[in-house]
There are 2 protein chains.
Amino acid sequence: MERLTIKDIAQMVNVSTATISNYLNGNYSKMSGKTRNKIEEMIRQTNYVPSTVARDLATNDSKTIGVSVADITNPFTSAVLSGIYETCGNLGYTVIFTNASGDAMQEIENINKLKRQEVSGLIIDPVDAQSPIFKTLNNKDAVMLDREAVNIQVDTVVTDNFNAVTHFVSMMKENGYDEMYFITWPIEQISTRVTRYQGFLDATGYKNDDHCIEISNPGGDDEALKTQLAEIMEDREETGKKIGFFSMNGKVLIRLIQAMRSINKQYPFDYGVGSYEDLDWMGIMKPGISCIHQDSAHIGETAVKKLISKLTSDDEPGKAQRIVVPTTLKLRESF
Amino acid sequence: MERLTIKDIAQMVNVSTATISNYLNGNYSKMSGKTRNKIEEMIRQTNYVPSTVARDLATNDSKTIGVSVADITNPFTSAVLSGIYETCGNLGYTVIFTNASGDAMQEIENINKLKRQEVSGLIIDPVDAQSPIFKTLNNKDAVMLDREAVNIQVDTVVTDNFNAVTHFVSMMKENGYDEMYFITWPIEQISTRVTRYQGFLDATGYKNDDHCIEISNPGGDDEALKTQLAEIMEDREETGKKIGFFSMNGKVLIRLIQAMRSINKQYPFDYGVGSYEDLDWMGIMKPGISCIHQDSAHIGETAVKKLISKLTSDDEPGKAQRIVVPTTLKLRESF
DNA sequence: CTGTTAGCGCCTTCAC
DNA sequence: GTGAAGGCGCTAACAG
């Protein structure tokens, strides 16, 4: 993919490679306007492009940041990645990206691979924030985001899950819902799920997990869910209580609505719903879905800025920080 | 991010760097089992990782493929990227990724940047397949996908847009739709849009563009669309014709449904709809949306395989090929 | 202003 | 089996 070297064009212009190098690095003060012009001309003519790998080797700085994402297929992730990419570009960094596809083992491999690539820094959207691999990270050159470890070792950018959910669910309660349910993929210590659930508990005041419905994420059939929902709804008919559901994310919401539909229940008449995550289709659903919106691209941007500021400063980073990014509410007609 | 070098561990084990290098490259036949063990042990102890950039420079082969995507935010794109990433990983390649965010200028920059990075090969999901930048590509080390140029210069992996749409729209006609409309973002010579539209024309037999509705993609307000739809629907009431719409993609479909709803029209009663693109929410829409499904990850996989087969073969690639990937239909209740 | 000269970390003959 | 030495393309002092 490459051909000419700095030496070639040095010969052609009849100067030393050092001068070309200086030209390449914008040190124009170190050469006459004349040679500068000649170099410029020659580079255009020959279509010469310097080798970044040689440069990286020489400077021992790749100006690339390695990214490991949990699952690129997730809309949240691609938005984050988009923010990361754009911000890196603005700051003169390249991104090399790896995808764990939701597999914690793959994630470990990815991180090792990135280290081998001599990236200047790491941004990680973890599958498993508790993975031992993260203990090997240095807070000087890494940032994590979204899911967080219980004792964070590196700066972590997270969404304001707790307050967002507390606020949202409180609103539902104010709207007269007597009984609320939190529906989610298995919580499994995953910080985002845990925190959203805590927000739910905080708003509702429930002391046990009777109002938490976990569904398996692979899909599978939802018979168990249907019967559980049927019972809840039946109960409602007897007591006349207004009941509401808060879904941990868009995919779970889809499952909920499908299951409800199969037992002939419609929101917002038979039940109220709200969801974490703001997806475009939520606006065109029969009654629109009220939800919590997080600015995913901004999360990526924040992570990059934090990382690069650490990379370019020479004082030690100190204790790992938790950087929280706010959310906004999108109120529609689903409750 | 790096510390030890090959020299360091050579000293520690008391052999030359060449031996270490041989070890690193699996040339175990070139050393005694004893030294091999010592080296292995030392590498584990010291946690030494060889520098890829030095290796790349020395071998002049980076084993990384550069990817330029049109817009990472598009679900199609992230699925493709996921396929690309996975396949590259299996084949021992790293991917470095750039995102044009739908901007043709940015795309040009990205491609130049990738070239500078000395990638072994390029995979491009173009914003503008006609961009002059693609004339600079070599069919030996590049593959394009999705959108294609009128005269392709490099192998291009595309979806079977024409047949998919022809087939789908024909089915709608068979279901009794007397009049069909194709709704789309501005076609603007973009091959995927052009081809889908041609499939539509083929199925319907329309000779002019009276049944093509273009909407602007930024969003904006859809007043024009609403009045246009209102007229069409009014006409329908007079003539009693059954009318159907085919949407070029999921986002356009959302706009269509929203506009229809604002004039109080519901599918499948007042009109029928179908769409290109299969998104998860289409299954939970009031009546489910019938659509055309494309296996995006498979497109990425196909592109990678084609590329790597070219990179590793030493005969010239010859004329650029068009590789078409099939689609499947998902029939639900929207028409 | 311009050229010389060491490296950067690894690979690869080519002798020993 | 092992080591010495040159080189990959570029940068960064240091001289001149």
Antiparallel versus total DSSP beta bridges in chain B: what percent is that, nearest 5? 10
Give, as a single signed number, the net charge of other residues whose beta carbon lies under 13 Å from the beta carbon of A:G33, with Lys and Arg counted +1 and Asp and Glu -1. +2
Anchor B:K30: lysines whose Cα lies under 20 Å away (excluding residues fewer than 8 positions away in-chain): B:K7, B:K38
Provide a whole-number value for the mean count of partner chain Cβ atoms within 10 Å of the Cβ atoms in peptide B:272-285. 3
Nonlocal amide H pairs with A:T327, under 5 Å, H built at 1.01 Å: A:D160
Please enumerate, by chain and number, the aspartates and glutamates with C-alpha under 17 Å from the C-alpha of B:K115, excluding those fewer than 8 residues away in the same chain. A:E2, A:D56, B:D56, B:D61, B:E107, B:D125, B:D141
Computed ³J(HN,Hα) along region A:232-241: with the Karplus parameters 6.51/-1.76/1.60, θ = phi - 60°, integer Hz and x for glycine or proline, the list is 4, 6, 5, 3, 4, 4, 6, 8, x, 6
Applying the Karplus parametrisation 6.51 cos²θ - 1.76 cosθ + 1.60 with θ = phi - 60° to the phi angles of region B:20-30, what ³J(HN,Hα) value in whole Hz is obtained for each residue in order, glycine and proline being reported as x? 4, 4, 4, 4, 4, 9, x, 7, 5, 5, 8
For Cα pairs less than 8 Å apart in space and 6+ apart in sequence, what is the mean separation divided by the residue count of region A:1-160, i.e. the relative contact order in percent? 17
What distance in nm separates the simple spin-label points at A:E316 and B:S170, each placed 7 Å from Cα in the Cβ direction? 7.3
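When the accessible area of region B:161-294 is split by element with a 1.4 Å probe, what percent falls to carbon and sulfur?
Ligands and nucleic acids excluded, carbon and sulfur give 45 percent.
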Ordered shortest first, which distances in nm separate the 7 Å Cα→C-beta label point of B:G205 from those of the other copies? 7.0
In whole Hz, the Karplus estimates of ³J(HN,Hα) for region A:78-95 (6.51, -1.76, 1.60; θ = phi - 60°; x where Gly or Pro) are 5, 5, 4, 4, 4, x, 4, 4, 4, 5, 4, x, 4, 9, x, 10, 9, 10
So between B:D103 and B:T46, what do we pick up on full extension, going 0.36 nm a residue minus the alpha carbon distance? 15.9 nm
Taking a probe of 1.4 Å and leaving out DNA, RNA and ligands, region A:161-294 shows per residue an accessible area in Å² of 42
Work out the length of the dipole vector of region A:161-294 about its Cα centre, built from +1 on the beta-carbon of each Lys and Arg and -1 on the beta-carbon of each Asp and Glu, and round it to the nearest 20 debye. 320
Residues A:I263 and A:N112, FRET efficiency given R0 of 45 Å [Cβ-Cβ distance, rounded to 0.05]: 0.40
Heavy-atom accessible surface that A and B bury in contact, both chains counted, 1.4 Å, Å² to 100: 4400
At 222 nm, what helix-only mean residue ellipticity would chain B give, in deg cm²/dmol to the nearest 500, using -39500 (n - 2.57) for each DSSP H run of four or more? -13500 deg cm²/dmol
So what's the net charge close to A:G288: Lys and Arg +1, Asp and Glu -1, counting the other residues with Cβ under 13 Å from its Cβ? +2
The answer for the net charge of residues other than B:N14 whose Cβ lies under 14 angstrom from its Cβ, with Lys and Arg +1 and Asp and Glu -1, is +2
Among residues of region A:93-132, a drop of 50 Å² or more in 1.4 Å probe accessible area, assembly relative to the chain on its own, occurs for A:T94, A:F97, A:K113, A:R116, A:Q117, A:E118
In the Gaussian network model of chain A, springs joining C-alpha atoms below 10 Å, which of A:S120, A:S131, A:S262 carries the largest mean-square fluctuation? A:S262
For A:K265, give me every one of the lysines with a C-alpha distance below 24 angstrom, ignoring sequence neighbours fewer than eight places off in its own chain. A:K173, A:K226, A:K241, A:K242, A:K251, A:K286, A:K330, B:K265, B:K286
Which residues qualify? For B:E148, with a placed amide H closer than 5 Å and at least 5 residues away or on another chain, they are B:S191, B:T192
Given a 1.4 Å probe, the accessible area of region A:59-155 per residue, as a whole number of Å², is 34
Amide hydrogen neighbours beyond the local backbone of B:T94, cut-off 5 Å, H modeled: B:T64, B:I65
Can you list the residues of region A:1-43 whose accessible area drops by at least 30 Å² going from the chain on its own to the full set of protein chains, with a 1.4 Å probe? A:M1, A:E2
Rounding to the nearest 10 and keeping the result within 0 to 90°, find how far the Cα-based axis of helix A:104-116 lies from the longest principal axis of chain A. 20
Put a point 7 Å out from Cα along the line to Cβ at B:P287; what are the distances to that point in the other copies, in nm, shortest first? 2.3
Inter-copy distances for B:L329, label 7 Å out on the Cα-Cβ vector, sorted ascending, nm, one decimal, are 4.6
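The values are calculated or read from the model by the stated rules, or taken from the named source; none is laboratory data. On a predicted model such as this, the values are computed, not experimentally measured, just so you know. Here the Cβ is made from the backbone with ideal geometry for all residues, glycine too, and neighbour counts use every protein chain on show. Heavy atoms of the whole protein, side chains included, go into the accessibility calculation; ligands, DNA and RNA do not. Shrake-Rupley method; radii C 1.70, N 1.55, O 1.52, S 1.80 Å.
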